[in-house]
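Inspection log for the structure reproduced underneath, given as structure tokens.
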Amino acid sequence: MADQPHDLETEDSGPREPGHPAPARPADVLMGLPDRARFVARVEEALTAAAGTETVAVLFIDLDGFKRINAALGQWSGDDLLTLLATRLRETLQPAGMVTRFGGDEFLVLLGGIPGADDAQAGARRVLGVGHRSFAQLAHLPVALLKLDRALTACVDDPRDHAVIAAIPPMVDALRIDAVAEGVETAVQAKDLWMLGYRFAQGFHFARPADAPATRGLLAGRPPGPGDARHLGQA
């Protein structure tokens, strides 16, 4: 299967002099990560060095939904994603830290040289936040449309979620792209989103899902696309 882990064992196929060991190299050739034996050795070293004065933490990271990426885009895309994640994980680590791959889409991260438990939690938040960095790349991607997930649309009255929802229209205006709010089910939601600066929306408030004959007629007339969103000024 495409999402199975690569072989973590390496073989030195080149000739070498008798009595000379094979040169050390990472076991995970794809990502250049150390193997689990080196990781365990580093953990033992960190525990010995801590000697009750410092905290050592090990994080287990499992990527949710990774199989869908391999299935939809192919193994090469999945490998590229894993390699990018491994690089970003390494960038977050202190000198005493280390990252290794535990399985196909699983990683272990060592946080060493930490003064206390609070610092370990802060280090974990720093490491686990690497996936959110892609948001900073939005201005550099060929994006024409940004969708507000229905989970946020449903929480427009919640003060915390409201702050996030309200921050998006000024951002997309600055980037010169459009934002579409999904899952709009009531006139109140449509009005609130319009007041916040959203121009487009989708949801049951505008139309129920089309049946098979209606869908075929729609597709025969024009291809589906972002234009299917309703302008909130016409709601």
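Annotations
- First in region 196-209 and on the phi > 0 side of the Ramachandran plot and buried (at least 17 other Cβ atoms within 10 Å of the Cβ), second anywhere and at pLDDT 85 or above and assigned to a loop (DSSP other than H, G, I, E, B), Cβ under 8 Å, 6 or more apart: GLY203/GLU182; GLY203/GLY183; GLY203/VAL184; GLY203/GLU185
- Residues satisfying the stated conditions in region 99-108, i.e. surrounded by fewer than 23 Cβ atoms within 10 Å (Cβ to Cβ) and of a type in the set (A, V, I, L, M, F, W, C): PHE102, PHE107, LEU108
- Cβ-Cβ under 7 Å pairs, at least 6 apart or on other chains, region 173-191 side farther than 14 Å from LYS147 by Cα, far side surrounded by fewer than 15 Cβ atoms within 10 Å (Cβ to Cβ) and among the aromatic types (Phe, Trp, Tyr): GLU185/PHE204
- Failed item, numbered, when VAL29 is tested on (1) farther than 15 Å from ARG90 by Cα; (2) modelled with pLDDT of 80 or more: (2)
- Reported count of residues in region 174-195, each being over 16 Å from LEU152 (Cα atoms) and surrounded by 13 or more Cβ atoms within 10 Å (Cβ to Cβ), is 3.
- Top-ranked residue in region 192-235 [being part of a loop (DSSP other than H, G, I, E, B), of a type in the set (Lys, Arg) and more than 19 Å from ASP149 (Cβ to Cβ); ranked as modelled with the highest pLDDT]: ARG208
The values are calculated or read from the model by the stated rules, or taken from the named source; none is laboratory data. Worth saying up front: this structure is predicted, and the values here are computed from it rather than measured. As a convention, Cβ positions derive from the backbone with ideal geometry for all residues, glycine included, and neighbour counts pool all protein chains shown.
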